[in-house]
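All of the numbers you see were taken from the coordinates with simple rules; none came from a lab. Keep in mind the model is a prediction, meaning the values are calculated, not measured. A quick note on method: Cβ atoms are made from the backbone with ideal geometry, for glycine too, and the neighbour counts reach across all protein chains shown.
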Amino acid sequence: MRIKLNSIMVDSQDKALKFYTDVLGFVTKHDIPVGGEFRWITVVSPEGREDLELSLEPNANPAGKAFQEALLKQGIPATAFESSDIQKEFERLRAKGVVFTREPTNAGPVTLAIFADTCGNLIQMYQPNAR
Amino acid sequence: MLSHRTLVRLCRARDLLREVPEGPLSIRAVAAEAELSPYHFIRQFRAVFGETPHQFRIQARLDRARHLLTLSSYSVTDVCMEVGFSSLGSFSDLFARRIGTPPSEYRRRVRPLVQVPGRMPAELIPDCLSLMCRVPGRPFAISEK
């Protein structure tokens, strides 16, 4: 058994695909209509392994929506992505209009920053600090 | 940088925009509830949620309309009023443009999916990761346009 797929709930798959590709720079791996209004969408990072996928899941389930909104109100990130140059990434994203709730901050083992993904989530970005 | 306090206010404003008030609720009034100037409110809301407060409110109303058309016995006109539109014509046009089918036809398509009265059919509420099970796609009744 392997860890190969993770998912994040989004309030609109259209909006999410735009943000995760155009803004974050991930690449669409799958975008398959599965009936109704929903699609099976996954993205991969061009900087990572192309078989590690993130699924952009619709939060149409009220339980999912409640959980997502509670996390956001508490300022808790839904997931985290690793960066090899967090300062550069922070500046690139900020220039694209991304809103940060925490600018790059040294937190001991990692430097981390937190931003809004425009789809109802906060996302943490981190870079391991050199020992 | 967005402070936690402002984030919480924006979340509260989003909750307000989902509600259907008795009287008209202006964006200015929602901004005041969020303790932000209208200009900053609209700008910050869009940056965090990816759409303007107005766009969000319209979408929330259409979502609620879909819910009522699926589960309630309200007429299309009642649904239109219930979600906060005053003109049936503009509601129907907007619904058709965004959802792809007029409200009455939407209802006709989704009703057969409701197996337990009052409970949204599973096809309209995907479980996490369950979408993958449907690849390459087992079309729902609703997609058979």
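Annotations for the structure displayed:
- Here A:PRO77 clears all of (1) of a type outside the set (A, V, I, L, M, F, W, C); (2) part of a loop (DSSP other than H, G, I, E, B); (3) farther than 17 Å from B:PHE49 by Cα except the condition numbered (3).
- Residue check, B:ARG61 in a helix (DSSP H, G or I), within 25 Å of A:LYS18 (Cα to Cα), within 13 Å of chain A (Cβ to nearest Cβ) and of a type in the set (D, E, K, R): no
- With respect to the stated conditions, B:LEU69 is under 23 Å from A:ASN61 (Cα atoms), part of a helix (DSSP H, G or I) and more than 13 Å from chain A (Cβ to nearest Cβ).
- Subset of segment A:79-111 [surrounded by 13 or more Cβ atoms within 10 Å (Cβ to Cβ), among the hydrophobic types (A, V, I, L, M, F, W, C) and within 14 Å of chain B (Cβ to nearest Cβ)]: A:PHE90, A:LEU93, A:VAL98, A:VAL99, A:PHE100
- Any hit, segment B:13-23, residues being touching a residue at least 60 places away in the same chain (Cβ under 8 Å), aliphatic (A, V, I, L, M) and outside any helix (DSSP H, G or I): yes
- In the set (1) more than 20 Å from A:GLU69 (Cβ to Cβ); (2) surrounded by 14 or more Cβ atoms within 10 Å (Cβ to Cβ), B:CYS11 fails one condition alone, (1).
- Subset of segment A:44-57 (residues that are in contact with a Ser or Thr (Cβ under 8 Å, 6 or more places away or on another chain) and either crowded, with 22+ Cβ neighbours inside 10 Å or in contact (Cβ under 8 Å) with a residue 40 or more places away in the chain (or both)): A:LEU52, A:GLU53, A:LEU54, A:SER55, A:LEU56, A:GLU57
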